[in-house]
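Peer 1: Take this structure, written in structure tokens, and hold onto it; I'll ask about it next.
The values are calculated or read from the model by the stated rules, or taken from the named source; none is laboratory data. Quantities reported herein were computed from a predicted structural model and do not represent experimental measurements. Cβ: placed from backbone, ideal geometry, glycine included. Neighbour counts: every protein chain shown. Just the protein is used for accessible areas: all its heavy atoms, side chains included, with ligands, DNA and RNA removed. Shrake-Rupley method; radii C 1.70, N 1.55, O 1.52, S 1.80 Å.
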Amino acid sequence: MGKTLSEKVWDEHVVRSAQGEPDLLFIDLHLIHEVTSPQAFDGLRLAGRKVRRPDLTLATEDHNVPTLDWDKPIADPVSKTQVDTLRRNADEFGVRLHPLGDIEQGIVHVVGPQLGLTQPGMTIVCGDSHTSTHGAFGAIAFGIGTSEVEHVLATQTLMQAKPKTMAVTINGSLPEGVTAKDMVLTLITHTGTGGGQGYIVEYRGQAIEELSMEGRMTVCNMSIEWGAKAGLIAPDQTTFDYIEGKPEAPTGADWDAAVAHWKTLVTDEDAQFDKEIVLDASTMTPFVTWGTNPGQGVPLGGNVPDPESFEEEQDRVGAENALKYMGLEAGTPMREVHVDTVFVGSCTNGRIEDLRLAAEIIKGHKVAEGTRLLVVPGSVRVRMQAETEGLHEVFIEAGAEWRGAGCSMCLGMNPDQLTPGERSASTSNRNFEGRQGKGGRTHLVSIPVAAATAVRGTLSSPADLTELTTV
Amino acid sequence: MDKFTTHTGVAVPLKRSNVDTDQIIPAVYLKRVTRTGFEDGLFAAWRNDPEFVLNRPEYAEASVLVAGPDFGTGSSREHAVWALQNYGFKAVISSRFADIFRGNSGKAGLLAAQVDEKVVQKIWDHLDEHPGATVTVDLESRTVRAGEGPDAIEDSFDIDDYTRYRLLNGLDDIGITLTNEADITTYEAQRPSWKPATL
């Protein structure tokens with residue numbers, strides 16, 4: 001019997017396999033940031049251990065950094081200590097670091113691919129659950145905890161039980177204006193937050209093949225939001241074209257050897273998945289969340305659901321809690337929900353295509369009164385590219401805030417936070433209670449919905465802007 | 001890591017599903033560079049509510065958490081496990097754990113005992129009748145026990161064999177892996193030269 005893509009990549013990385021024990025997997029790339037690494041480096045120091053492969057390790061500062069005044073010392077002393085600790089650890093252990101102010105600084109999952117370090121067939125880990133992003137290149141990539149960060153630093157390996165395999169096949173083509181984000185939000189509402197638990201998922205089908213690399217990253221990024229161990233997509237010409245010429249991409253004979261190998265990284269015809277889900281992209285529409293987990297979503301054209309409409313008691317109770325927290329009434333059309341803050345950015349939607357699309361929609365409009373729009377590039381490179389193309393002028397002209405690179409409002413850890421009761425439309429990945437700041441209320445949305453919502457002040461799609469212009 | 005064989009302690013019912021790691025410890029509490037002191041952040045938003053179950057005096061000494069399904073979803077922050085441990089929890093019982101949370105628990109020495117959903121309900125019912133009652137989580141026999149007499153609860157829980165073995169013996173993962181260092185060196189020698197490097 002043939003193998004699935006993930007089985008091929010997995011098997012290529014098994015250092016040691018023994019009955020009754022998890023496999024020992026070699027890790028090709030270990031990404032590090034300031035929040036989940038200090039205790040791991042401390043552990044190494046206490047045990048007198050070194051970083052085994054600093055040449056397969058890369059650190060950047062992203063979670064904790066401000067997106068304003070990034071050229072000045074970090075104002076919050078506790079945040080500053082954490083960032084300073086990373087700098088000291090990187091220096092002491094010989095790890096390459098792109099600190100705040102460096103031209104390669106940015107969100108760890110934006111930086112890896114743009115440097116060309118993320119390549120097909122690799123194993124990639126990071127102390128961050130959105131490491132699944134890198135699966136877009138046909139890599140097995142997943143988030144780990146700090147104990148595992150220490151394990152990888154010390155041994156360049158991880159002990160992992162082999163997950164089951166699942167195929168998510170998305171047939172057809174996405175309609176105009178419907179994006180990878182809508183696709184993955186639709187999927188998560190279909191599966192629930194635990195639907196992928198225990199599986200490595202391969203996304204495939206026409207709609208996946210038609211996505212750009214950045215769209216594929218958006219889909220794989222949110223694999224963790226439905227509980228999957230990892231999500232990946234078979235590499236193809238789109239993948240190779242994206243990688244070629246990147247700073248750390250192979251060149252010359254190495255490039256040819258690499259591509260020859262990457263072309264073998266497809267699921268064999270006769271391979272069997274443990275589970276399969278099939279969806280039709282052509283029926284998908286702009287999709288938004290109403291609740292407090294990413295599986296609580298509905299088409300933008302729909303209404304806030306009635307908790308009584310859920311069959312399972314735990315879903316009913318979950319919906320009741322969510323509506324109370326979100327300050328929403330069952331039956332309210334989603335389009336009538338007023339939004340205070342629109343956040344464009346994050347490892348889900350903070351890349352250059354995202355900013356281009358947002359600028360295209362917002363051009364010629366103003367941000368609605370009573371609403372603010374925060375545009376946060378995923379990396380310094382993305383910011384520079386956007387400025388070269390004049391996108392920042394479009395945003396500033398519309399009344400948006402144009403910020404420095406980082407995780408920003410995706411998580412309430414740096415100065416960019418919602419205040420209690422403040423409502424956001426966010427292109428990030430999590431709508432958990434308090435995720436964007438204590439008491440903050442989050443609606444997860446795509447880039448087009450975010451841009452249109454900023455203009456209208458209520459959850460909207462670009463189609464609503466056309467009406468606005470013609471009225 | 002300390003050995004874990006069996007634990008009996010006051011059990012607290014957390015009757016919520018999808019308790020994500022942002023609820024267990026919000027991001028703003030993640031700035032420490034130590035493994036201790038995270039108890040202040042545990043369920044920080046919910047603990048503001050005086051009615052929240054952990055604020056009730058009968059659960060002041062709680063060390064076993066009995067939660068709804070999909071516990072520990074979301075962020076990979078091991079701080080969620082540390083916060084539970086720093087607060088005094090030794091074990092969490094749920095019908096479904098998120099993978100990363102389960103893995104982090106095993107590494108840090110918090111027992112994540114997965115039971116059937118009906119068992120969670122039985123324990124919740126028992127705790128409703130007897131607030132402040134204890135629950136035993138026995139890793140050697142893989143059972144959870146509560147109550148006495150005809151209404152006593154005794155059911156098995158799931159945990160993978162390897163994590164159980166490590167917890168029972170208090171073994172350090174890195175130490176185990178380094179006994180196989182020769183295998184790692186052999187593997188490294190045959191990696192293709194075109195694989196990327198950061199230095």
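Residue-by-condition table, conditions (1) in a helix (DSSP H, G or I); (2) over 20 Å from A:Gly412 (Cβ atoms):
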| position | (1), (2) |
| --- | --- |
| A:Asp55 | yes, yes |
| A:Ala59 | no, yes |
| A:Pro66 | no, no |
| A:Pro73 | no, yes |
| A:Gln82 | yes, no |
| A:Asn89 | yes, yes |
| A:Glu92 | yes, yes |
| A:Leu97 | no, yes |
| A:Leu100 | no, no |
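Peer 1: Looking at (1) more than 15 Å from A:Gln160 (Cα to Cα); (2) at the interface with another protein chain (Cβ under 8 Å from one of its Cβ atoms); (3) open to solvent by 30 Å² or more (accessible area, probe 1.4 Å), can you tell me which one B:Leu168 breaks?
Peer 2: Only one criterion in (1) more than 15 Å from A:Gln160 (Cα to Cα); (2) at the interface with another protein chain (Cβ under 8 Å from one of its Cβ atoms); (3) open to solvent by 30 Å² or more (accessible area, probe 1.4 Å) is unmet by B:Leu168, namely (2).
Peer 1: Just the residues that are open to solvent by 20 Å² or more (accessible area, probe 1.4 Å), touching a residue at least 40 places away in the same chain (Cβ under 8 Å) and more than 22 Å from A:Trp10 (Cβ to Cβ), please, taken from the range A:182-213.
Peer 2: Listed by number, the residues that qualify are A:Thr186, A:Thr189, A:His190, A:Thr191, A:Gly192, A:Gln206, A:Ser212.
Peer 1: In addition: Looking at the range B:181-191, which of its residues are within 7 Å of chain A (Cβ to nearest Cβ) and open to solvent by 30 Å² or more (accessible area, probe 1.4 Å)?
Peer 2: B:Asp183
Peer 1: Taking the residues in the range A:424-452 that are touching a residue at least 24 places away in the same chain (Cβ under 8 Å) and more than 21 Å from the chain's Cα centre (by Cα) as candidates, determine which candidate is nearest to A:Val304 (Cα to Cα).
Peer 2: A:Ala452
Peer 1: Now for a separate question. When you check A:Leu174 against the structure, is it buried (at least 17 other Cβ atoms within 10 Å of the Cβ) and not in a helix (DSSP H, G or I), yes or no?
Peer 2: Yes.
Peer 1: Which residue out of A:Arg45, A:Arg52, A:Arg96, A:Arg88 is among the basic types (Lys, Arg), more than 25 Å from the chain's Cα centre (by Cα), within 9 Å of another protein chain (Cβ to nearest Cβ) and open to solvent by 10 Å² or more (accessible area, probe 1.4 Å)?
Peer 2: A:Arg52
Peer 1: For the range A:425-460, what are the residues that are out of contact with any strand residue (DSSP E or B) (no Cβ under 7 Å at 6 or more places or on another chain), open to solvent by less than 10 Å² (accessible area, probe 1.4 Å), over 19 Å from A:Glu225 (Cβ atoms) and more than 14 Å from chain B (Cβ to nearest Cβ)?
Peer 2: Answer for the range A:425-460, where residues must be out of contact with any strand residue (DSSP E or B) (no Cβ under 7 Å at 6 or more places or on another chain), open to solvent by less than 10 Å² (accessible area, probe 1.4 Å), over 19 Å from A:Glu225 (Cβ atoms) and more than 14 Å from chain B (Cβ to nearest Cβ): A:Pro448, A:Ala451, A:Ala452, A:Ser460.
Peer 1: Another question, then. Which residues, counting only those in the range B:69-92, are under 8 Å from the mean Cα position of the chain (by Cα) and either crowded, with 24+ Cβ neighbours inside 10 Å or among the aliphatic types (A, V, I, L, M) (or both)?
Peer 2: Scanning the range B:69-92 gives B:Val81, B:Leu84, B:Ala91, B:Val92.
Peer 1: Output the residue which, of all residues in the range A:99-118 that are more than 8 Å from every other protein chain (Cβ to nearest Cβ) and small (Gly, Ala, Ser), is most open to solvent (accessible area, probe 1.4 Å).
Peer 2: A:Gly101
Peer 1: Further question: Taking the range B:1-31 as the search range and keeping residues that are touching a residue at least 12 places away in the same chain (Cβ under 8 Å) and basic (Lys, Arg), which one is surrounded by the fewest Cβ atoms within 10 Å (Cβ to Cβ)?
Peer 2: The qualifying residue surrounded by the fewest Cβ atoms within 10 Å (Cβ to Cβ) is B:Lys3.
Peer 1: Of all residues in the range A:119-147, count the ones that are facing chain B (nearest Cβ under 7 Å) and among the hydrophobic types (A, V, I, L, M, F, W, C).
Peer 2: Adding up the residues that qualify gives 1.
Peer 1: Return yes or no: is B:Glu188 charged (D, E, K, R) and in contact with a Ser or Thr (Cβ under 8 Å, 6 or more places away or on another chain)?
Peer 2: no
Peer 1: Within the range A:199-231, take every residue that is in a helix (DSSP H, G or I) and of a type in the set (A, V, I, L, M) and give me the one that is farthest from the other protein chains (Cβ to nearest Cβ).
Peer 2: If we take residues in the range A:199-231 being in a helix (DSSP H, G or I) and of a type in the set (A, V, I, L, M), then A:Ala207 is farthest from the other protein chains (Cβ to nearest Cβ).
Peer 1: Here's something else I'd like to know. Kindly check whether there is at least one residue in the range A:148-159 that is touching a Phe, Trp or Tyr at 6+ places or on another chain (Cβ under 6 Å) and within 14 Å of chain B (Cβ to nearest Cβ).
Peer 2: Scanning the range A:148-159 turns up at least one residue that is touching a Phe, Trp or Tyr at 6+ places or on another chain (Cβ under 6 Å) and within 14 Å of chain B (Cβ to nearest Cβ).
Peer 1: Suppose we filter A:Ala368, A:Ala386, A:Ala358 for residues that are touching a Pro at 6+ places or on another chain (Cβ under 7 Å) and either open to solvent by 10 Å² or more (accessible area, probe 1.4 Å) or part of a helix (DSSP H, G or I) (or both); which single one remains?
Peer 2: One residue alone meets the criteria, A:Ala386.
Peer 1: Further question: Of the conditions (1) closer than 22 Å to B:Gly68 by Cβ; (2) open to solvent by 20 Å² or more (accessible area, probe 1.4 Å); (3) outside any loop (DSSP other than H, G, I, E, B), B:Gly132 satisfies every one except a single condition; which number is it?
Peer 2: For B:Gly132, the failing item is (3).
Peer 1: Would you be able to tell me the number of residues in the range A:19-42 that are within 8 Å of another protein chain (Cβ to nearest Cβ) and aromatic (Phe, Trp, Tyr)?
Peer 2: Qualifying residue count for the region: 1.
Peer 1: Which one of the conditions (1) touching a residue at least 12 places away in the same chain (Cβ under 8 Å); (2) out of contact with any helix residue (DSSP H, G or I) (no Cβ under 9 Å at 6 or more places or on another chain); (3) not in a strand (DSSP E or B) does A:Glu276 fail to meet, given that it meets all the rest?
Peer 2: Condition not satisfied by A:Glu276: (3).
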